[in-house]
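Beneath this line is the structure, given in structure tokens, with notes to follow.
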Amino acid sequence: MKKQLIRAAAATVLGLSLTSGMAAADIGTTGPSSHNSVRTSSHNSARVTNANNLSASNSNGQGASTGSTNVSHNTTGGGAGSGTASNTNTFSAMATVDNSAGTSGLSVGGGSGTGSAGSITGLTGPDSSNTISSHTSNRLTVSNTNNLSVSSSNSQSASSGSANVSDNTTGGSATSGNATNTSTSTVEFNVTN
């Protein structure tokens, strides 16, 4: 009777060690001078490694120039005007990385938790020895490596052309248009571990 009870308990413990939880096993009525023990053990281990390499690069080269205007050698000449030349560059960087989902499902103890190892119920015989023990081991290792790099290079030039009114009996007008450069870049970084 004693050997069968111990073998049954050992089989129960073996089945429990393959799952994430731990159920209770009880010791019931025992005979005189019997030795009964229930041992439960749970080992949980998890390793999470996150390596995030994010980079953004922006290179912008711009040039703007307005043409030249000239009013000359006329009996009646107007005025001469050259427009404006301008450059505009806007750069921002942003990215979103979320690694928190890798550990959201982990709980210390794993699964249903450690629970109760069992209890001694019923009557125990004289000089009997009954023990219940449980052991839970949890290990969680999280390694996060985040490398973020942003590079932006912008080169712009703008010039407005010349306007000239000369050698006219009466001056007229000459106009040069506008020269404009515009650059817009957007990159966003947001890392959550």
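Each value in this text was obtained by applying a stated rule to the coordinates, not by laboratory testing. Treat the numbers as computed from the prediction; the structure is a model and nothing was measured. No Cβ is skipped: glycine too gets one built from the backbone with ideal geometry, and neighbour counts run over all protein chains shown.
Structural remarks
- Taking 0.36 nm per residue of separation and subtracting the current Cα-Cα distance, fully stretching the chain between ASN52 and THR182 would add 43.6 nm.
- FRET efficiency, SER45 to SER151 (Cβ-Cβ, R0 41 Å, nearest 0.05): 0.50
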